[in-house]
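The values are calculated or read from the model by the stated rules, or taken from the named source; none is laboratory data. Source: prediction; values computed, not measured. Neighbour counts run over all protein chains shown; Cβ positions are idealised from the backbone, glycine included.
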Amino acid sequence: MKAISKGLMPTVVVCIALIVASIAFIVMGAGLPLASAMFPLAVLGVVGVLSVVLLVQSCLQGRQREGGEGHPESLGKVVLGLLCVLVYLVAVARLGFYASTFLMIPLMSAAFGYRRWERSLFGSALFTVMLYLLFDMAMGRSLPHGWLM
């Protein structure tokens, strides 16, 4: 419990929130036709599992820090990450999925300290194109369009 009070609280809270949200959305999506729900349910399952892994990893690292010096996680970075997600959700509705995804990846990378803009832009473009090929071309599913697309 000491580890949680020494700086792990933001990660613990976010992980628990993600686990609860994943389970809630999986339960809600269970009633949908399997063809429509398979991919979102798989993503929610992965988010839940990875949240459990992060929670366990953070608690184990927190216990190791108790005996020595460490750098506790910053509540500011967690809040910044959540703010970025909220901005992204609004941007998807306004700009469309592909444009907001292309813009959000380098912006979020910069917010968390990654300074190689050219790599970030290249990775963002590659990821966005792969999403387009997967959803629009391979699966025939359109993602939300905004005024840019």
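For the reader, a short list of remarks on this structure follows.
- Close pairs from the range 22-35: first within 12 Å of VAL47 (Cβ to Cβ), partner modelled with pLDDT under 85 and among the charged types (D, E, K, R), Cβ under 8 Å, at least 6 apart: none
- Top-ranked residue of the range 132-149 - restricted to ones that are assigned to a helix (DSSP H, G or I) and closer than 20 Å to TYR88 by Cα, ranked as modelled with the highest pLDDT: TYR132
- Residues of the range 10-65 that turn out to be closer than 23 Å to VAL79 by Cα and either surrounded by fewer than 12 Cβ atoms within 10 Å (Cβ to Cβ) or aromatic (Phe, Trp, Tyr) (or both), as a count: 6
- Summed over the range 104-119, residues that are in a helix (DSSP H, G or I) and within 23 Å of VAL14 (Cβ to Cβ) total 8.
- Taking the range 78-113 as the range and being of a type outside the set (A, V, I, L, M, F, W, C) and either under 15 Å from PHE127 (Cβ atoms) or surrounded by 14 or more Cβ atoms within 10 Å (Cβ to Cβ) (or both) as the test, the residues that pass are GLY81, TYR88, GLY96, TYR98, SER100, THR101, PRO106, SER109.
- Whenever a residue of the range 103-127 is assigned by TED's automatic domain parsing to the domain that holds GLY146, its partners that are surrounded by 12 or more Cβ atoms within 10 Å (Cβ to Cβ) and of a type in the set (Lys, Arg), lying with C-beta atoms within less than 8 angstrom and at least six residues away or across chains, give the pairs PHE112/LYS77.
- Of the set (1) in contact with a Ser or Thr (Cβ under 9 Å, 6 or more places away or on another chain); (2) in a helix (DSSP H, G or I); (3) farther than 25 Å from SER36 by Cβ, all apply to PHE122 but (1).
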